[in-house]
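Data first, discussion second: the structure below is written as structure tokens.
A short reminder: the numbers here are calculations on the coordinates, not readings from a lab. Everything numeric in this text was worked out from a predicted model, so none of it was measured. All Cβ positions, glycine included, derive from the backbone under ideal geometry; neighbour counts span all protein chains shown.
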Amino acid sequence: MIYLQLFFTFLKVGAFAFGGGYAMLSLIGDSVLSYGWMNETELLNFVGVETVIPGPIAVNMATYVGYEQGGFLGALLATIGVVRPSFIVILIVAAFIKNLLKFPAVKTFIMSMRPALGGLIASVAVTMALTVFFGIDTIKTTAFTFDWRTLAVLAVVILIPLVWSRYKKKEFSSILLVIISGVLGMLFF
């Protein structure tokens with residue numbers, strides 16, 4: 001039964017979440033939390049680690065949750081579930097793309113998705129910031145604690161590229177920034 005639940009849950013995510021991995025994160029988070037497959041802390045930790053793992057977040061999340069809940073078969077079914085809708089849509093769009101873009105309604109639909117996707121991504125960012133910086137993980141949380149260590153890591157991660165680009169006149173390596181963030185995380189936490 002868990003196999004069907006994994007497949008259909010991630011099929012729903014793949015079918016109804018638009019805009020890529022981080023826009024899908026809200027629906028993925030709601031799904032895995034409602035089934036008890038992860039708690040808030042595990043979800044945040046996964047998102048943090050996922051930023052350095054190659055691959056799309058939705059596929060990585062489906063594979064991870066599927067494996068944790070149902071082993072190899074669970075991972076396979078959850079992954080197939082999350083990619084199947086996109087795969088089918090891409091096949092259809094590829095066949096008709098030149099003709100579809102001629103219609104004003106299609107252009108309008110695509111343009112109207114941008115604000116909604118921006119809102120979804122902003123909602124994930126705000127939720128994560130509230131949890132990470134203030135310890136607020138549910139609406140019912142009445143007390144909050146401010147985490148100065150997290151703010152210190154964020155300040156360093158923001159300041160290093162700014163200072164580097166100002167004085168060296170070139171961009172700071174994002175890979176090196178991820179490594180610095182990981183080292184600071186290990187030192188502070």
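A straight Cα-to-Cα reach below 24 Å connects Lys107 with the lysines Lys98, residues fewer than 8 places away in its own chain not being considered.
Springs join every pair of Cα atoms under 10 Å in this Gaussian network model of the chain, and among Met113, Met24, Met38 the largest mean-square fluctuation is at Met113. Counting neighbouring beta carbons within 10 Å and listing from fewest to most, the residues Tyr167, Tyr22 come out as Tyr167, Tyr22.
Most exposed first by the Cβ proxy, i.e. fewest other Cβ within 10 Å, how do Asp137, Asp30 rank?
Asp30, Asp137
In a fully extended conformation the segment linking Leu100 and Lys168 would gain 19.8 nm over its present Cα-Cα distance, using 0.36 nm per residue.
For the range 64-114, run through the trypsin sites (Lys or Arg not before Pro) and keep only the ones in DSSP coil with at most 16 other Cβ atoms within 10 Å of their Cβ.
Values: sites: Lys98, Lys102, Lys107; in loops: Lys102.
The qualifying sites are Lys102.
FRET efficiency for the pair Phe18 and Leu187, taken as 1/(1 + (r/R0)^6) with r the Cβ-Cβ distance and R0 = 41 Å, rounds to 0.60.
Computed from Cα atoms alone, the Kirkwood hydrodynamic radius reported for the chain is 19.0 Å.
Restricting the trypsin sites (Lys or Arg not before Pro) of the range 118-187 to loop positions (DSSP other than H, G, I, E, B) with no more than 12 neighbouring Cβ atoms within 10 Å leaves Lys140, Lys169, Lys170.
With respect to the chain, whose longest principal axis is taken over its alpha-carbon atoms, helix 148-168 is tilted by about 90°.
In a Gaussian network model over the chain where Cα atoms closer than 10 Å are linked, find which of Phe16, Phe96, Phe134 has the largest mean-square fluctuation. Of Phe16, Phe96, Phe134, the most mobile in the Gaussian network model is Phe96. Distance between the pseudo-spin-label points of Arg114 and Arg149 (7 Å out from Cα toward the beta carbon): 4.1 nm.
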